[in-house]
Amino acid sequence: MEEFCTIKEQIRPYINTSPMKSFKSVVSPQSKKPILCLDLDETLVHSCDYVVNPNETSILKFLKVRNGVEQFLEEMHILYELVVFTSATKEYAKAVVQFIDTKKYISRVFSREHCRIINKYAVKDLSVVSNDLRRIILLDNSIVSFSMQLSNGI
């Protein structure tokens, strides 16, 4: 007989209840809109290859962007403040965002340095994006990524 459990029970090992390093929330002063946080890999882009130069700038060698991303960003920026939150490195995230968001709809980029490492997994703590979690939606392909704030994830 197979045992079934809830999503919260499945992700419990990834939730850390111990005290963690505190990050100051960076609130965008120009926006009162709800915030749509977008993951990069497997959400906005399929795959990519890049190199990091010694001066810590990334050069994209190959990037496959999902169909419709440009139109999606154009339409969603009217309704939401668009933010990228990825568990990838800051250099990679900035290079990809610069490539896919030529019209500068994305206002802020959060990367691995803003994640909490819990049981070897990078978990996105949305409180670094805004103190008001009621304003935030995270669109991500991995439930572990938003396991600290399950009600904010899609």
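Laboratory data are not the source of any read-out in this text; all were calculated from the coordinates shown. On a predicted model such as this, the values are computed, not experimentally measured, just so you know. Methodologically, a virtual Cβ is constructed for each residue, glycine included, from the backbone with ideal geometry; neighbour enumeration extends over all protein chains shown.
Here are some notes:
- Selection of GluC sites (Glu not before Pro), region 55-154, meeting DSSP coil and at most 15 other Cβ within 10 Å: E56
- In plain terms, the chain from V65 to L79 could stretch by 2.8 nm, reckoned as 0.36 nm per residue minus the Cα-Cα distance.
- Three-way shape label, region 33-152, alpha-carbon gyration tensor, a/c 1.5: oblate
- Pairs over the 20 Å Cα-Cα cut-off, from the set K104/K124; K90/K124; K32/K124; K32/K94: K104/K124; K32/K124; K32/K94.
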